[in-house]
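Everything below concerns the one structure shown next.
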Amino acid sequence: MNSPTEANKRGKASFRTKLLAAMMLVVSALTALGLYLAQRSVAANVERDLRQNFQDELSSLHKIQELRHASLTERCRALAAKPRIHAALEDNALDLLYPSAKDELRDLMEGEEPSPEHAARSLHARFYRFLDGTGAILPPPIPKDVGELSAEAEAQLAFKKLPELQQIGYLAESGDVAGETVDEVMAAPIFSTETGDIISALVVGFQPFELAGARAGAGMKSGIWVNGRLHLPALSKSEQGALGGDITNAVTTSDRAQNNFTVSVNGAPHLLFYKRLNPGSLFPPAYEICIYPLADSMARLHRLRW
């Protein structure tokens, strides 16, 4: 038989073991909770900083676009007031429209195309077209003089009816050599000086401003999503296709004009931001896309866990 003293010792040992186990569980739980909260804090700080960077860059882009659009609006008003242009539109002398416009828009079309870093501040156009009273494209007699476009691309410039307000859109076109290009398009209505009715519209295409050009070294990449496809030259075609599908699902299942979510690019996590560039436009919706690598934040989390 066991003596009362031995039984008491075993009871104390069992109590100490249970107490130590309970203390270990409490410490483990508190450590896990602290790590979880720290990870959430790091992730939230990274997302907040990236979102602020994106908003700052996009704000700069919009300011540049507003200056360009204001300049072009004044240009279109001046163009519509030109006697030859005005006569060609109102007197239905459409065979004189493009020859007259060639002289008036000579400085807009001719000369060397600006470099990407100066393209946003330049009014150098890649192409222009006039629309008839129904919103259809008036075909130019010599496409080379006004910027050549495929029939498919020209069809994207037409409207069911002439817009009463300035419209902003983005036109994607495939090229034989350079691949797909995206042009920023502005459609400005032209009003009759006699009746005040809309008689035509001038549609002009420009090289879009590269949002991430100044910060490419920081790892940020930007592009444009339009008509269900992503145009982001920094990624391969296969990567653009895969990422474009994620963006399509996001923008079509949400009524928000801007948002962000995590994606995988080349097997690495990235934070993707999107924001609509042409809200309220009659052109198809276009979104500015920015992706940021999360490698640095993941490294911070790894060090934190260690």
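The values are calculated or read from the model by the stated rules, or taken from the named source; none is laboratory data. Note that the structure is predicted; figures quoted are calculated from it, not measured. Cβ coordinates were reconstructed from backbone atoms using ideal geometry, including for glycine residues, and neighbour counts include every protein chain displayed. Keep in mind that these areas ignore ligands, DNA and RNA; they rest on the heavy atoms of the full protein, side chains included. Shrake-Rupley method; radii C 1.70, N 1.55, O 1.52, S 1.80 Å.
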When the residues of the range 27-40 are filtered to those that are modelled with pLDDT of 75 or more and of a type in the set (Gly, Ala, Ser), which remaining residue is least open to solvent (accessible area, probe 1.4 Å)? 34
Total residues in the range 243-291, condition touching a Ser or Thr at 6+ places or on another chain (Cβ under 9 Å) and touching a residue at least 60 places away in the same chain (Cβ under 8 Å): 5
Selection from the range 272-291 of residues that are open to solvent by 50 Å² or more (accessible area, probe 1.4 Å) and either in contact with a His (Cβ under 9 Å, 6 or more places away or on another chain) or not in a strand (DSSP E or B) (or both): 279, 280, 282, 284, 285
Hey, can you tell me all the residues within the range 89-126 that are aliphatic (A, V, I, L, M), crowded, with 19+ Cβ neighbours inside 10 Å, modelled with pLDDT of 80 or more and assigned to a loop (DSSP other than H, G, I, E, B)? 105, 125
Number of positions in the range 231-256 that are assigned to a helix (DSSP H, G or I) and loosely packed, with under 12 Cβ neighbours inside 10 Å: 4
Give just the number: which of (1) farther than 30 Å from residue 84 by Cα; (2) modelled with pLDDT under 90 does residue 225 not satisfy? (2)
Checking 86, 69 in turn, the sole residue that is surrounded by 12 or more Cβ atoms within 10 Å (Cβ to Cβ), closer than 30 Å to residue 127 by Cβ and modelled with pLDDT under 80 turns out to be 69
Looking at (1) hydrophobic (A, V, I, L, M, F, W, C); (2) over 19 Å from residue 60 (Cβ atoms); (3) touching a Phe, Trp or Tyr at 6+ places or on another chain (Cβ under 9 Å); (4) exposed (fewer than 14 other Cβ atoms within 10 Å of the Cβ), which is the one condition that is false for residue 226? (4)
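One line per residue, one yes/no per condition, for (1) modelled with pLDDT of 90 or more; (2) outside any loop (DSSP other than H, G, I, E, B); (3) within 19 Å of the chain's Cα centre (by Cα); (4) small (Gly, Ala, Ser):
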residue	(1), (2), (3), (4)
154	yes, yes, no, no
159	yes, no, no, no
170	yes, yes, yes, no
176	no, no, no, no
182	no, yes, yes, no
186	no, yes, yes, no
199	yes, yes, no, no
214	no, yes, yes, yes
